[in-house]
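Report on one structure; see the data block that follows.
The values are calculated or read from the model by the stated rules, or taken from the named source; none is laboratory data. Computed from a prediction, not measured in an experiment: that's the story for all the values here. Note that we place each Cβ from the backbone using ideal geometry, even for glycine, and neighbour counts take in every protein chain shown.
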Amino acid sequence: MNKRKGDLIALAIDGEFDLIIHGCNCFCTMGAGIAKTIKQKFPEAYNADLQTEKGNQSKLGTISWAKSKTGNRELVIVNGYTQFNWRGSGRKADYEAIRAVFKIVKKEFSGLRIGYPAIGAGLAGGDWDIISEIINEELKDENHTFVEYQK
């Protein structure tokens, strides 16, 4: 896992990544955290989310995705369904769903430069030490970068 500080969205727009992935709940909201920014900057990604069934728990561990034009190239934005709900306190991040999401990313998008935030460790309340280990295992031999948010 490569690590850097910065703004994942700005770095992606500047061409640092071919694919960015973020964690979503299963209710098609994208109303907080980085998901809200992705919804605003890349409406294609939100439209892909809206094509899935709202509130369907079987979405856990799956993805939806879209391509967006940034400059003269395309960026893949992956919505990873890593938590069922967003309400309430406590951990909402589902570690097995996170693992399943990254297995799919490796299978479907191997070879791309992948960027991501601390998926599941912010608003979803997961433990980044556990999550980063899962990501490292599932994206072994891939060019992937954790971007710690910094303005």
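Worth pointing out:
- Those helices (runs of 4 or more DSSP H) of the stretch 17-135 in which 1 or more residues are of a type in the set (D, E, K, R) and in contact with a Phe, Trp or Tyr (Cβ under 6 Å, 6 or more places away or on another chain) occupy 33-41.
- The conditions of being of a type in the set (Lys, Arg), at pLDDT 95 or above and touching a Gly at 6+ places or on another chain (Cβ under 9 Å) are met by LYS103.
- Number of residues in the stretch 85-100 that are surrounded by fewer than 19 Cβ atoms within 10 Å (Cβ to Cβ) and either in contact with a Cys (Cβ under 8 Å, 6 or more places away or on another chain) or under 8 Å from GLY126 (Cβ atoms) (or both) equals 3.
- Residue count for the stretch 17-51, restricted to those that are under 15 Å from ASN85 (Cβ atoms) and either surrounded by fewer than 19 Cβ atoms within 10 Å (Cβ to Cβ) or in contact with a Gly (Cβ under 7 Å, 6 or more places away or on another chain) (or both): 8
- Flag for VAL147 being of a type outside the set (Asp, Glu), in contact (Cβ under 8 Å) with a residue 60 or more places away in the chain and not in a helix (DSSP H, G or I): yes
- Cβ separations smaller than 7 Å between residues 6+ apart or across chains give the following pairs from the stretch 61-86 residues that are more than 19 Å from PRO117 (Cα to Cα) to residues that are part of a strand (DSSP E or B) and of a type in the set (Lys, Arg): GLU74/LYS67.
- Breaking point among (1) of a type in the set (Gly, Ala, Ser); (2) over 17 Å from LEU60 (Cβ atoms); (3) surrounded by fewer than 16 Cβ atoms within 10 Å (Cβ to Cβ); (4) in contact with a strand residue (DSSP E or B) (Cβ under 8 Å, 6 or more places away or on another chain), for GLY111: (4)
- Test result for ILE114, in contact with a helix residue (DSSP H, G or I) (Cβ under 6 Å, 6 or more places away or on another chain) and either of a type in the set (Asp, Glu) or under 16 Å from ASN2 (Cα atoms) (or both): no
- Selection over the stretch 1-16 of residues that are in contact (Cβ under 8 Å) with a residue 40 or more places away in the chain, outside any loop (DSSP other than H, G, I, E, B) and either touching a Pro at 6+ places or on another chain (Cβ under 7 Å) or surrounded by fewer than 16 Cβ atoms within 10 Å (Cβ to Cβ) (or both) gives a count of 5.
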